[in-house]
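The values are calculated or read from the model by the stated rules, or taken from the named source; none is laboratory data. Remember, it's a predicted structure, so these values are computed and weren't measured experimentally. As a convention, Cβ positions derive from the backbone with ideal geometry for all residues, glycine included, and neighbour counts pool all protein chains shown. Surface areas here come from the heavy atoms of the whole protein model, side chains and all, with no ligands, DNA or RNA. Shrake-Rupley method; radii C 1.70, N 1.55, O 1.52, S 1.80 Å.
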Amino acid sequence: MGICDDPEILKAYDEVCDDKNEVNWILLTFADTKSNILKVGHKGTGGIDELKEHLKEDEAAFGYVRVPMSNDPLSQRTKFVLVSWIGQQLSYMRRARLSVQKSDVTKVLRYFSIEVPATEHAELDADDILVQLKKAGGANYDRQTSNY
């Protein structure tokens, strides 16, 4: 069985990708401390701030977040963020496996504008992520009001 074979993962991913669905984030967690199989640990409607509440210091997890963006009322668009969480108290063996496992995760969570690797909650500041998304997005028509 592969790391992301649980059909609930693809179902949750589709929910986040659907602009008409209220669910705007999912968090994939390992079934237990020894498992290499991911499951949908949590999902919600409160964006990156709500996702952060579920990240634990002794766990690894992968988050996927839908972020609405706009430079003005006429240019609404949606971007996606992949969060690679490595808790600071995570075992060294789990850390060593994550780089290989991440490639399997990105085969399922395929479409994202940026990846944010994080080991601390402070690295997942919603405003900072929005700036990163704008930088990655190319044209920025509100440049005169941006501070980057």
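A few remarks follow.
- In Hz, Karplus ³J(HN,Hα) per residue of region 33-40 (6.51, -1.76, 1.60; θ = phi - 60°; x = Gly, Pro): 5, 9, 7, 10, 10, 8, 9, 6
- Taking every protein chain into account, the accessible area of the chain amounts to 57 square angstrom per residue (probe 1.4 Å).
- Karplus-based coupling profile of region 45-50, in residue order and whole Hz: 10, x, x, 4, 5, 6, with θ = phi - 60° in 6.51 cos²θ - 1.76 cosθ + 1.60 and x standing for Gly or Pro.
- Residue among Tyr64, Tyr13, Tyr92 with the largest mean-square fluctuation in a Gaussian network model of the chain, springs linking Cα atoms under 10 Å: Tyr92
- Couplings for region 51-65, taken from phi via the Karplus curve 6.51 cos²θ - 1.76 cosθ + 1.60 with θ = phi - 60°, read 4, 4, 4, 9, 8, 10, 5, 10, 10, 10, 7, 10, x, 9, 10 Hz in order; Gly and Pro are left as x.
- Most fluctuating residue given options Ala118, Ala96, Ala61, as computed from a GNM of the chain linking Cα atoms under 10 Å: Ala96
- Apportionment of accessible area to carbon and sulfur, the chain, percent (1.4 Å): 51 percent
- Under 21 Å from the Cα of Lys11 - lysines, other chains or at least 8 residues apart: Lys20, Lys39, Lys43, Lys79, Lys102, Lys107
- For the pair Lys11 and Asp127, the difference between a 0.36 nm per residue extended length and the Cα-Cα distance amounts to 38.9 nm.
- Around the Cα centre of region 17-148, unit charges on the Cβ atoms of Lys, Arg, Asp and Glu (plus for the first two, minus for the last two) sum to a dipole of about 620 debye.
- Point-to-point label distance, Thr33-Arg110, nm (Cα→Cβ direction, 7 Å offset): 3.7 nm
- Spin-label model, Glu22/Thr78: points 7 Å from Cα along the beta carbon direction are separated by 1.6 nm.
- DSSP beta bridges fully contained in the chain are about 80 percent antiparallel.
- Sites Lys135 and Ser99 - FRET efficiency at Förster radius 30 Å, r taken between beta-carbons, to 0.05: 0.75
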